[in-house]
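A.B. asks: Pasting a structure here, questions to come.
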2 protein chains.
Amino acid sequence: GKENGGGVTRNLPSDAVINLDHGDPTMYEPFWRKLGDKCTIVIKGYEHLSYFSSNKNPCWFLEPKLEDSIRSLHGAVGNAETDGYTIVVGTGSSQLLQSVLYAVSPPDQPNPMNVVSAAPYYSCYPETADIVRSGVYKWAGDAHGFDKDGPYIEFVTSPNNPNGVIRGPVVNRDGGIVVHDLAYYWPQYTPITSSLDFDIMLFTASKCTGHAGSRIGWALVKDKDIAKRMVNFMTVTSIGVSKESQLRVAKILQVVADGCKRFGSPDGDNLFEFGRNMMAKRWEILRETVKKTQMFTLPKYPLQHCNYFGDLTQAHPGFAWIKCNDGMEDCEEVFKGSKILVRSGRRFGSDPGYARVSMMSKDDEFNGFIDRLSSMI
Amino acid sequence: GKENGGGVTRNLPSDAVINLDHGDPTMYEPFWRKLGDKCTIVIKGYEHLSYFSSNKNPCWFLEPKLEDSIRSLHGAVGNAETDGYTIVVGTGSSQLLQSVLYAVSPPDQPNPMNVVSAAPYYSCYPETADIVRSGVYKWAGDAHGFDKDGPYIEFVTSPNNPNGVIRGPVVNRDGGIVVHDLAYYWPQYTPITSSLDFDIMLFTASKCTGHAGSRIGWALVKDKDIAKRMVNFMTVTSIGVSKESQLRVAKILQVVADGCKRFGSPDGDNLFEFGRNMMAKRWEILRETVKKTQMFTLPKYPLQHCNYFGDLTQAHPGFAWIKCNDGMEDCEEVFKGSKILVRSGRRFGSDPGYARVSMMSKDDEFNGFIDRLSSMI
């Protein structure tokens with residue numbers, strides 16, 4: 001039996017609830033344990049007291065070390081351009097999403113800007129846009145059905161959450177502002193086919209390295225005025241972002257950047273290699289199991305050349321977007337019957353015949369999920 | 001010459017801008033240096049990956065150690081009750097302010113709830129309430145002039161930012177929800193005259209210990225449903241709060257709580273003693289200097305019994321609320337003439353003849369401020 005993702009370890013009681021509703025990326029823990037003290041941070045009581053970080057970035061609360069690591073990592077992976085971009089750090093990409101909505105919406109217009117995304121869309125977009133019923137922007141639903149006049153904001157999630165598909169904007173009209181949410185555009189999840197250079201690109205440490213508890217996201221922003229307005233939003237809503245988290249993530253991203261140019265190293269310090277191997281194994285097991293049950297359908301992903309790995313590969317998304325076959329109308333309920341919590345397709349503006357299942361859990365949860373799936377036959 | 005607050009150290013070039021606009025509480029640095037490694041935290045790369053903290057608190061992202069330290073510190077100081085309260089952690093008290101507005105406003109009402117505070121009020125309240133033009137709540141200005149019908153929210157800042165005065169609600173009508181912002185209700189700033197037990201109380205590590213860069217605030221909330229709605233706001237807007245900051249502040253607050261029951265100790269590990277001595281000295285120097293210049297007026301504070309120190313003491317607020325005497329209409333401009341940045345009374349809903357000056361800076365900035373004030377004669 002293999003230790004990681006081999007489908008053999010069985011630690012969960014058979015009646016335990018397995019929560020695969022959230023995308024809590026705990027699967028990277030064994031990798032970080034293996035690295036030992038390489039990413040340990042030590043902060044003394046008298047350090048980093050101030051609100052301010054000493055830097056020349058318009059983002060006055062961004063730690064210079066984090067900025068360096070972010071630029072260095074994107075350069076090493078080749079997934080996004082950073083030259084000429086302003087970096088804005090946020091408390092997770094959740095805070096950045098709101099700050100973008102604020103930053104690109106004219107403050108003085110009579111009607112709120114419409115915010116759309118193509119279904120199935122990330123389930124948090126509607127509540128992010130509508131939580132305090134802003135008069136500046138409002139959720140307007142599925143981008144496919146959007147037919148209102150005037151300016152609008154389109155969130156393009158690529159690879160898409162929930163279904164892992166590479167996407168572009170669908171509205172494509174004048175006055176549209178496109179925000180690229182690239183949380184999963186990393187080599188363990190999807191082939192890196194080009195170094196992206198969109199106007200507004202959002203990333204997060206959570207999905208890249210698994211450090212979700214640190215709540216560090218960053219935006220690469222071309223337009224300096226938009227970046228400034230985002231910084232203003234962050235200033236008013238949280239007077240900046242945790243220095244401790246920034247410094248820790250700075251160290252971790254630098255270790256990832258340094259390790260990711262070595263392939264097949266016996267040290268195994270390449271996060272993306274570790275991640276892709278694990279995800280590929282999990283997807284293989286899931287596909288085999290689903291095939292046996294004949295109850296579900298999984299998406300298929302094309303083989304593409306990954307510039308980072310230098311080989312032909314398919315996507316291994318962080319979530320499985322599972323369709324229940326005929327006769328089962330509520331996919332979430334089907335899983336609940338086996339004490340597996342998943343997120344209904346309904347939440348993504350889609351069909352309850354679909355459900356989103358996290359593939360990023362710890363081994364024992366993933367293995368428990370596979371076990372129960374097998375016994376559904 | 002004394003090293004701290006003695007008004008002797010002179011490190012700033014005479015033409016340097018001294019920024020006392022923000023309340024950046026860097027004056028505590030010497031205290032934390034003296035404690036050496038007592039507050040050092042070490043976090044390994046594999047620790048605290050998850051979004052979740054394992055606890056039974058309705059605030060699912062609150063680290064149990066932080067909850068323990070907060071309860072222990074309030075108990076040791078005697079400034080607030082915690083029994084029966086739910087603790088909600090936020091990214092600074094800024095995020096908590098917004099989450100409170102969201103939590104106490106009915107989501108489905110046709111008109112936004114009015115948000116008021118008595119002038120001079122904390123300059124960030126108006127923009128916190130209005131930044132995205134919420135349809136659920138909106139800034140309605142000075143509580144003294146508030147005469148609209150219906151429910152409302154009143155922020156009561158005590159001691160008050162900018163002027164250090166102890167305050168209570170001023171509207172006092174049915175349907176009012178009072179939020180107590182107690183950022184400065186700590187013994188270094190003001191006599192602790194009772195252990196408060198209001199329905200909603202906000203605190204922040206920034207002003208208590210000086211760790212502003214950590215962005216940790218907390219709310220003590222009596223009503224469980226309001227606490228749950230606050231947690232929901234935090235979930236949508238940032239999926240929780242930095243684990244690193246929480247763990248560091250947990251350690252620091254515990255060290256403060258442990259040290260604060262020893263008075264006059266040669267170790268000098270009582271933060272509040274250190275803080276009050278420093279603030280008292282600075283206020284004494286400021287009052288002497290202002291007396292000499294005859295250009296300004298400072299508020300006076302009553303002598304009161306402090307339950308924590310067990311003596312009669314007056315307030316030594318974190319800000320000096322300075323009135324320019326007759327003939328000088330714009331107090332902010334007067335200071336700008338000496339390259340001192342302060343915040344105009346206008347920003348606090350008050351008179352431009354007033355300005356708020358931070359008393360919490362590093363020694364060299366405070367000393368530079370006093371120097372320039374002296375030379376204004």
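Bear in mind that the values in this text are calculations on the coordinates, not laboratory data. Everything numeric in this text was worked out from a predicted model, so none of it was measured. Neighbour counts are summed over all protein chains in view; Cβ atoms, including those assigned to glycine, are modelled from backbone coordinates with ideal geometry.
A.B. asks: What ranking, highest mean first, results for peptides A:94-102, A:108-116 when packing means the other Cβ atoms within 10 Å averaged over each residue? List each step's numbers first, then the result.
C.D. replies: Details: A:94-102: 26.0, A:108-116: 17.1.
Top of the packing list down: A:94-102, A:108-116.
A.B. asks: Hey, what do the phi angles of segment B:121-126 turn into as Karplus ³J(HN,Hα) couplings, whole Hz, using 6.51/-1.76/1.60 and θ = phi - 60°, x for Gly and Pro?
C.D. replies: With the stated coefficients, segment B:121-126 comes to 10, 3, 5, 8, 4, x Hz.
A.B. asks: Another question, then. HN-Hα J couplings of segment A:198-203 from phi, Karplus 6.51/-1.76/1.60, θ = phi - 60°, integer Hz, Gly and Pro as x?
C.D. replies: 6, 5, 10, 10, 10, 10
A.B. asks: Moving on. Can you tell me which of B:243, B:261, B:34 moves the most in a GNM of chain B? Springs connect C-alpha atoms under 10 Å apart.
C.D. replies: Of B:243, B:261, B:34, the most mobile in the Gaussian network model is B:34.
A.B. asks: Could you work out Rg/(2.2 N^0.38 Å) for segment A:97-194, with Rg from alpha carbons only? Don't jump to the answer; show the numbers that get you there.
C.D. replies: Values: Rg = 13.6 Å, N = 98, 2.2 N^0.38 = 12.6 Å.
Dividing the Cα Rg of segment A:97-194 by 2.2 N^0.38 Å gives 1.08.
A.B. asks: Just for segment A:111-262, what percent of DSSP beta bridges are antiparallel, to the closest 5?
C.D. replies: Details: 5 of 21 bridges.
Here the share of antiparallel DSSP bridges comes out near 25 percent.
A.B. asks: Now, a different point. Give the Rg (one decimal place) followed by the Dmax (whole number) of segment A:246-377, computed from C-alpha coordinates and expressed in Å.
C.D. replies: Considering segment A:246-377 through its Cα atoms, Rg and Dmax are 17.3, 51 Å.
A.B. asks: Under the rule that an exposed site lies in a DSSP loop and has at most 14 other Cβ atoms within 10 Å, name the longest stretch of chain B with no GluC sites (Glu not before Pro) of that kind, not counting the sites themselves. If you can, show how the numbers build up before the last one.
C.D. replies: Numbers: sites that count: B:3, B:329.
The answer is B:4-328.
A.B. asks: Could you tell me the extents of the protein assembly as shown's C-alpha atoms along the three principal axes, largest first, rounded to whole Å?
C.D. replies: Its Cα atoms span 87, 56, 51 Å along the three principal axes.
A.B. asks: Could I ask something else about it? Rounded to whole Å and sorted largest first, what semi-axes of the equivalent ellipsoid does the C-alpha gyration tensor of chain A yield via the square root of 5 times each eigenvalue? All intermediate terms of the calculation are to be shown ahead of the outcome.
C.D. replies: Numbers: eigenvalues 213, 152, 69 Å².
Values for chain A, descending: 33, 28, 19 Å.
A.B. asks: Taking each residue of B:214-222 in turn, how many C-beta atoms of other protein chains fall within 10 Å of its C-beta, and what is the average? All intermediate terms of the calculation are to be shown ahead of the outcome.
C.D. replies: Details: counts 8, 12, 2, 2, 0, 0, 0, 0, 0.
What the average comes to for B:214-222 is 3.
A.B. asks: Counting alpha carbon pairs within less than 8 Å and at least 6 residues apart, what relative contact order, in whole percent, applies to chain A?
C.D. replies: Working: 762 pairs, mean separation 97.7, N = 377.
That works out to 26 percent.
A.B. asks: Can I ask one more? In the protein assembly as shown, what percentage of the DSSP-assigned beta bridges are antiparallel, given to the nearest 5? Present the calculation step by step, with values, prior to reporting the outcome.
C.D. replies: On the way: 50 of 89 bridges.
Here the antiparallel bridges make up roughly 55 percent for the protein assembly as shown.
A.B. asks: Let me ask another. With only alpha-carbon pairs counted, each pair once and no self-pairs, how large is the Kirkwood hydrodynamic radius of segment B:255-318 in angstroms? Let's see the in-between values first.
C.D. replies: Details: mean 1/r = 0.0746 Å⁻¹.
About 13.4 Å, per the Kirkwood formula over Cα pairs.
A.B. asks: Using +1 at the C-beta of Lys and Arg and -1 at the C-beta of Asp and Glu, which of A:54, A:96, A:110 has the Cα lying farthest in the positive direction of the dipole of segment A:1-151?
C.D. replies: Most positive-ward Cα: A:54.
A.B. asks: Mark the label point 7 Å from the Cα of residue A:297 along Cα→Cβ and return the residues of segment A:306-324 whose backbone N is within less than 17 Å of it.
C.D. replies: Those under the cut-off are A:320-324.
A.B. asks: Could I ask something else about it? Between the DSSP loop rule and a limit of at most 10 other Cβ atoms within 10 Å, which trypsin sites (Lys or Arg not before Pro) in segment A:288-330 are left? Before the final figure, lay out each step's value.
C.D. replies: Numbers: sites: A:291, A:292, A:300, A:323; in loops: A:300.
Listed in order of number, the matching sites are A:300.
A.B. asks: Now for a separate question. Per-residue ellipticity at 222 nm for the protein assembly as shown, helices alone: DSSP H runs ≥ 4 residues times -39500 (n - 2.57), over residue total, nearest 500 deg cm²/dmol? Mind dumping the intermediate values first?
C.D. replies: Working: 20 runs with 234 residues, N = 754.
Per the formula, -9500 deg cm²/dmol.
A.B. asks: Follow-up question, since we're still on this one. List the aspartates and glutamates whose Cα sits under 12 Å from the Cα of residue B:222, skipping any in the same chain fewer than 8 residues away.
C.D. replies: Reachable aspartates and glutamates: B:81, B:83, B:197, B:199.
A.B. asks: For the pairs A:207/B:56; A:300/A:323; A:38/B:38; A:138/B:148; A:34/A:261; B:300/B:323, note any where the Cα-Cα span goes beyond 20 Å. Mind dumping the intermediate values first?
C.D. replies: Working: A:207/B:56 26 Å; A:300/A:323 12 Å; A:38/B:38 23 Å; A:138/B:148 28 Å; A:34/A:261 18 Å; B:300/B:323 12 Å.
Where the Cα-Cα span goes over 20 Å, the pairs concerned are A:207/B:56; A:38/B:38; A:138/B:148.
A.B. asks: In addition: Inter-copy label distances at residue B:174, 7 Å along the Cα→beta-carbon direction, one decimal in nm, shortest first?
C.D. replies: Spelled out, the distances from residue B:174's label point are 5.6 nm.
A.B. asks: Same structure again: Using +1 at the C-beta of Lys and Arg and -1 at the C-beta of Asp and Glu, which of A:45, B:144, A:376 has the Cα lying farthest in the positive direction of the dipole of the protein assembly as shown?
C.D. replies: Checked the options; the winner is A:45.
A.B. asks: Which cysteines does the protein assembly as shown leave without a neighbouring Cys Cβ under 4.7 Å?
C.D. replies: A:39, A:59, A:124, A:208, A:260, A:306, B:39, B:59, B:124, B:208, B:260, B:306
A.B. asks: Where the label is 7 Å out from Cα toward Cβ, how close does residue A:327 come to the same position in every other copy, in nm, shortest first?
C.D. replies: Spacings between copies for this position, smallest first, are 9.5 nm.
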